[in-house]
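Down below is the structure, laid out as structure tokens.
The values are calculated or read from the model by the stated rules, or taken from the named source; none is laboratory data. Since the model is a prediction, treat every value here as computed from it, not as a measurement. Cβ: placed from backbone, ideal geometry, glycine included. Neighbour counts: every protein chain shown.
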């Protein structure tokens, strides 16, 4: 039995002779891919709005975010003012009506507490403290430029850092809050005026570091 096919049957079909399969594929590759939903680039206006919001958020935090550090000072005013003993300077006086109790509740109370007793081992008390009461210039210097080092208050040693507030509080605010502290919780010391704060601020304008206890003791006669 002869299974051999005629030679004419082994020839290529006409379409295989006339079509280039590589050219067909090249044409297919030139076609753009089908779009995939969800990968479209965002519109330009969305980028613009995002950039504006980022800059606005940075400005807002810088303006109203307070200081970044280990010194908490912003608490709920409604809760604080109810327990703080308010010592208001007389209206029309040298502190121009600034409420020292409000300033204390805003920046001081979280460390030194509503009753002026501080936090044992962390923040010294203001009630009965010679550093606050013995002379008026020492607390002004501390608030203006801060304090760093070991101090003794009412028989207990405190070794920490108090930040400066001179760059963030006006002369009137410093005078009002110190007067409030010197006349609250059983304290009875003379008023501190904005003129006194202004004088010491100018005298120490070149200072860039916190005061040390030794420096303040020499200047204020604290021994």
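Observations, loosely collected:
- Residue count for the stretch 143-164, restricted to those that are under 21 Å from the mean Cα position of the chain (by Cα), surrounded by fewer than 21 Cβ atoms within 10 Å (Cβ to Cβ) and outside any strand (DSSP E or B): 3
- Total residues in the stretch 177-206, condition in a loop (DSSP other than H, G, I, E, B) and over 19 Å from residue 98 (Cα atoms): 7
- Condition check for residue 167: part of a loop (DSSP other than H, G, I, E, B), free of Cβ contacts under 8 Å to residues at least 12 places away in the same chain and within 27 Å of the chain's Cα centre (by Cα): yes
- Screening residue 78 against (1) at negative phi; (2) touching a strand residue (DSSP E or B) at 6+ places or on another chain (Cβ under 9 Å); (3) at pLDDT below 90 leaves a single unmet condition, (2).
- Checking residue 160 against (1) touching a strand residue (DSSP E or B) at 6+ places or on another chain (Cβ under 9 Å); (2) on the phi > 0 side of the Ramachandran plot; (3) modelled with pLDDT under 90, the condition it does not meet: (2)
- Filter result (in contact with a helix residue (DSSP H, G or I) (Cβ under 8 Å, 6 or more places away or on another chain), farther than 20 Å from residue 203 by Cα and surrounded by fewer than 24 Cβ atoms within 10 Å (Cβ to Cβ)) within the stretch 171-183: 182
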